[in-house]
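The values are calculated or read from the model by the stated rules, or taken from the named source; none is laboratory data. If you're wondering where the values come from, they're calculated on a predicted model, not measured in any experiment. Every residue, glycine among them, receives a Cβ derived from its backbone with ideal geometry; neighbour counts consider all protein chains shown.
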Amino acid sequence: MVIRPHTPDDGPALWTLHQKTGLSPFHQSEFGNWLKQHITWVAVWQGNLAGFVLIQDTLDHQDVLLLAVDPLYRRQGIARSLLQTLFPLKKPLFVEVEDTNTDAMNLYQTLGFQPIGGRHNYYGPSRHALVMRLQ
Ligand SMILES: CC(C)(COP(=O)(O)OP(=O)(O)OC[C@H]1O[C@@H](n2cnc3c(N)ncnc32)[C@H](O)[C@@H]1OP(=O)(O)O)[C@@H](O)C(=O)NCCC(=O)NCCS
């Protein structure tokens with residue numbers, strides 16, 4: 001597996017992969033703007049774009065805004081490797097995760113993230129976010 005910064009040529013494959021997750025109902029143009037504005041690392045597995053993480057970098061912390069691994073390539077350590085590209089952390093790293101998303105919550109816990117709060121109805125009616133922090 002190769003992990004590298006994304007390039008503009010990755011845009012269509014990233015959009016296709018993002019749509020497979022069923023998360024964040026973006027318009028494609030908005031997704032493209034996020035790619036331009038934030039830091040994105042991609043994981044390439046056997047020549048295929050298998051996963052990506054999109055990070056917002058601010059003065060005093062970072063946020064995981066999007067993280068996705070293609071269902072074909074899950075449970076092979078790709079998400080963990082993508083997040084570990086940020087290690088050693090230079091500042092605290094935060095993520096919001098839907099409190100029913102046990103796959104992602106397990107992932108963040110194994111990396112040392114701690115739950116620090118919640119956001120009620122963050123994803124819509126009766127869909128709550130757990131806020132997690134590392135460091
Ligand atoms: C969550 C997601 C990114 C995990 O990607 P992945 O590459 O399969 O995860 P990894 O293989 O790196 O898993 C690392 C650890 O996370 C936990 N984990 C990941 N998927 C899990 C699952 N389906 N069930 C239980 N634990 C899981 C495990 O502790 C795992 O370690 P292990 O395989 O040694 O037991 C992937 O399932 C995904 O894209 N889901 C849809 C999008 C999403 O929910 N993104 C996160 C939004 S905050």
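One residue stands out among those in region 11-35 that are of a type in the set (G, A, S) and surrounded by 13 or more Cβ atoms within 10 Å (Cβ to Cβ): the one that is nearest to N101 (Cα to Cα), which is S24.
Within region 77-97, the residues that satisfy the criterion of being touching a residue at least 60 places away in the same chain (Cβ under 8 Å) and farther than 18 Å from L35 by Cβ are I78, S81. With the condition kept exactly as written, say whether any residue in region 49-58 is more than 24 Å from Q135 (Cα to Cα) and polar (S, T, N, Q). Taking every residue of region 49-58 in turn, none turns out to be more than 24 Å from Q135 (Cα to Cα) and polar (S, T, N, Q). When region 36-64 is limited to residues that are within 15 Å of the ligand (Cβ to nearest atom), in contact (Cβ under 8 Å) with a residue 12 or more places away in the chain and surrounded by fewer than 18 Cβ atoms within 10 Å (Cβ to Cβ), the one that is nearest to Q19 (Cα to Cα) turns out to be N48. Within region 61-74, is even one residue in contact with a helix residue (DSSP H, G or I) (Cβ under 9 Å, 6 or more places away or on another chain), among the acidic types (D, E) and not assigned by TED's automatic domain parsing to the domain that holds M1? No, region 61-74 has no match at all. When the criteria are applied in full, A68 fails the requirement of being of a type in the set (A, V, I, L, M, F, W, C), surrounded by 12 or more Cβ atoms within 10 Å (Cβ to Cβ), more than 23 Å from R133 (Cα to Cα) and within 16 Å of the ligand (Cβ to nearest atom). As for region 76-83, it holds at least one residue that is among the β-branched types (V, I, T), more than 17 Å from Q135 (Cα to Cα) and within 15 Å of the chain's Cα centre (by Cα).
Looking only at residues in region 74-109 that are of a type outside the set (A, V, I, L, M), assigned to a helix (DSSP H, G or I) and surrounded by fewer than 19 Cβ atoms within 10 Å (Cβ to Cβ), the one that is farthest from the ligand (Cβ to nearest atom) is Q84. The single condition among (1) more than 9 Å from the ligand (Cβ to nearest atom); (2) assigned by TED's automatic domain parsing to the domain that holds R127; (3) under 13 Å from the mean Cα position of the chain (by Cα) that F113 does not satisfy is (3).
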